[in-house]
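Chemist: Before we start, here is the structure in question, set down as structure tokens.
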Amino acid sequence: MQRHRTEHKMGTQGFNTDPRDETKNVTIFENYMKERVYISSDNKMDGTYSDAEYNNDSSIVKRGVSGIGIEDIDIFYSIPNVNGNNNVIRWQEGLGPQLTATIKIGHYEDYTALYTEIIDKLNSNPLSNGTYTYEDSDLPSISLKSTISFVFLECNFINNGGSLHGLYYTDFDILEYKSVPYLLSTSYIDIVISDILNGQIAQSSYGKQQLFNTTQHLARIIVDLNGQPIQHIKKSYEIINYIPFRHRDIKNINIMLLDENNNILWSSVVSHDGKDYELKYLKYFMTLNTVF
């Protein structure tokens, strides 16, 4: 049904009908060409599986493409929830020295295993004057307690541990921290393809096309391990969010997978005969959809 903007906002009384003020429903039919780009992390030329470089001498994205979006992605995710991005603790008791502890990297399936490891490492520091314990009488929250007041200092354990243990900074020494552990190293994954987003087109208020740099993600994938160390995450988009794209050939792209703290997902290597090999804690298959 044809409607007027004024009628929609104010009702049918008190205004003069003007044909220039009419709005109509418009159906747009697709009439453009599409082409898919298939990417596997196993085909990376350099970098880690979380920060990978890809190359195709002919082109990965062809000249003439005006929009790019993710059609679907499969991620095999097995990054331990305690890893090199969140396992170093720094804290201070009163006016004492800075204390440091390192939690063992691994997948902790329940809060008991995680907090047992945390307090063991806190109590193992020879310079500590406190005794640390935890209490779980008020689940799902856990209380981390000490016999001496203390405060967490700047460290990746707190910076990147919100979804893991929920512990936090304070501006003063306290005897007890109460938090809710979700046992996740990150609650979502952001996919960033800088070579595409750096060519994103912005429309100014005067209609002139302008280029600008951006670090916005191309897609966001929710992580829900449900206590499992390995997860197969599948995401398909029925309605693809196309990023406007400046017409040019792209032969090299970099794909980064970021955690909720905007850090590249942790990776690890093993060495054999002096050569390093990355462990496949993460691998993915991605389909980009391009329109001309």
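The values are calculated or read from the model by the stated rules, or taken from the named source; none is laboratory data. These figures come from a predicted structure and were not determined experimentally. Cβ sites come from the backbone with ideal geometry, for glycine too, and all protein chains shown count toward neighbours.
Chemist: Quick check on my filter: what residues within region 74-96 are closer than 30 Å to Leu144 by Cβ and surrounded by fewer than 21 Cβ atoms within 10 Å (Cβ to Cβ)? Don't jump to the end; show me each part of the working.
Modeler: We begin by selecting, within region 74-96, every residue closer than 30 Å to Leu144 by Cβ; these are 77-96.
Across region 74-96, the qualifying residues are Ser78, Pro80, Gly84, Val88, Arg90, Gln92, Glu93, Gly94, Leu95, Gly96.
Chemist: Also, I was wondering about something else. How many of the residues making up region 77-111 are part of a loop (DSSP other than H, G, I, E, B) and in contact (Cβ under 8 Å) with a residue 24 or more places away in the chain?
Modeler: Number of matching residues: 18.
Chemist: Do we have Ser149 as assigned to a strand (DSSP E or B), surrounded by fewer than 19 Cβ atoms within 10 Å (Cβ to Cβ), over 30 Å from the mean Cα position of the chain (by Cα) and of a type in the set (Ser, Thr, Tyr) here? Full working, then the answer.
Modeler: Details: assigned to a strand (DSSP E or B): yes; surrounded by fewer than 19 Cβ atoms within 10 Å (Cβ to Cβ): yes; over 30 Å from the mean Cα position of the chain (by Cα): yes; of a type in the set (Ser, Thr, Tyr): yes.
Here the answer is yes, as Ser149 does meet what is asked.
Chemist: Further, regarding this structure: Looking at (1) out of contact with any Leu (no Cβ under 8 Å at 6 or more places or on another chain); (2) in the same structural domain as Ile230 (by TED's automatic domain parsing); (3) charged (D, E, K, R); (4) surrounded by 15 or more Cβ atoms within 10 Å (Cβ to Cβ), which is the one condition that is false for Glu71?
Modeler: Condition not satisfied by Glu71: (1).
Chemist: Still on this structure: Suppose we filter region 73-121 for residues that are under 14 Å from Asn156 (Cα atoms) and out of contact with any strand residue (DSSP E or B) (no Cβ under 9 Å at 6 or more places or on another chain); how many remain?
Modeler: 2
Chemist: Still on this model: State whether the residues of region 112-130 include one that is under 24 Å from Ser187 (Cα atoms) and assigned to a loop (DSSP other than H, G, I, E, B).
Modeler: No, the conditions are met nowhere in region 112-130.
Chemist: Does Ile221 satisfy being modelled with pLDDT under 75, touching a strand residue (DSSP E or B) at 6+ places or on another chain (Cβ under 6 Å) and surrounded by 11 or more Cβ atoms within 10 Å (Cβ to Cβ)?
Modeler: Against the criterion (modelled with pLDDT under 75, touching a strand residue (DSSP E or B) at 6+ places or on another chain (Cβ under 6 Å) and surrounded by 11 or more Cβ atoms within 10 Å (Cβ to Cβ)), Ile221 does not qualify.
Chemist: Looking only at region 112-144, filter to residues that are of a type in the set (Phe, Trp, Tyr) and closer than 20 Å to Asn81 by Cβ; which one of those is surrounded by the most Cβ atoms within 10 Å (Cβ to Cβ)?
Modeler: Per the stated criteria, the residue is Tyr115.
Chemist: Right, another one. Suppose we keep only residues that are part of a strand (DSSP E or B) and surrounded by fewer than 17 Cβ atoms within 10 Å (Cβ to Cβ) within region 33-46. Which one would you say is modelled with the lowest pLDDT?
Modeler: Checked region 33-46; the qualifying residue modelled with the lowest pLDDT is Lys34.
Chemist: Within the group Asp42, Asp57, Asp51, Asp110, which residue is acidic (Asp, Glu) and over 30 Å from Ser163 (Cβ atoms)?
Modeler: Working: Asp42 fails: over 30 Å from Ser163 (Cβ atoms); Asp51 fails: over 30 Å from Ser163 (Cβ atoms); Asp110 fails: over 30 Å from Ser163 (Cβ atoms).
Result of the check over Asp42, Asp57, Asp51, Asp110: Asp57.
Chemist: Is it the case, given these coordinates, that Ile264 is modelled with pLDDT of 85 or more, surrounded by 11 or more Cβ atoms within 10 Å (Cβ to Cβ) and in contact with a strand residue (DSSP E or B) (Cβ under 7 Å, 6 or more places away or on another chain)?
Modeler: Spelling it out, Ile264 is indeed modelled with pLDDT of 85 or more, surrounded by 11 or more Cβ atoms within 10 Å (Cβ to Cβ) and in contact with a strand residue (DSSP E or B) (Cβ under 7 Å, 6 or more places away or on another chain).
Chemist: Would you kindly identify the strands (runs of 3 or more DSSP E) lying entirely within region 249-292 that contain at least 2 residues that are touching a residue at least 40 places away in the same chain (Cβ under 8 Å) and assigned by TED's automatic domain parsing to the domain that holds Met45?
Modeler: In region 249-292, the matching strands (runs of 3 or more DSSP E) lie at 252-258, 282-291.
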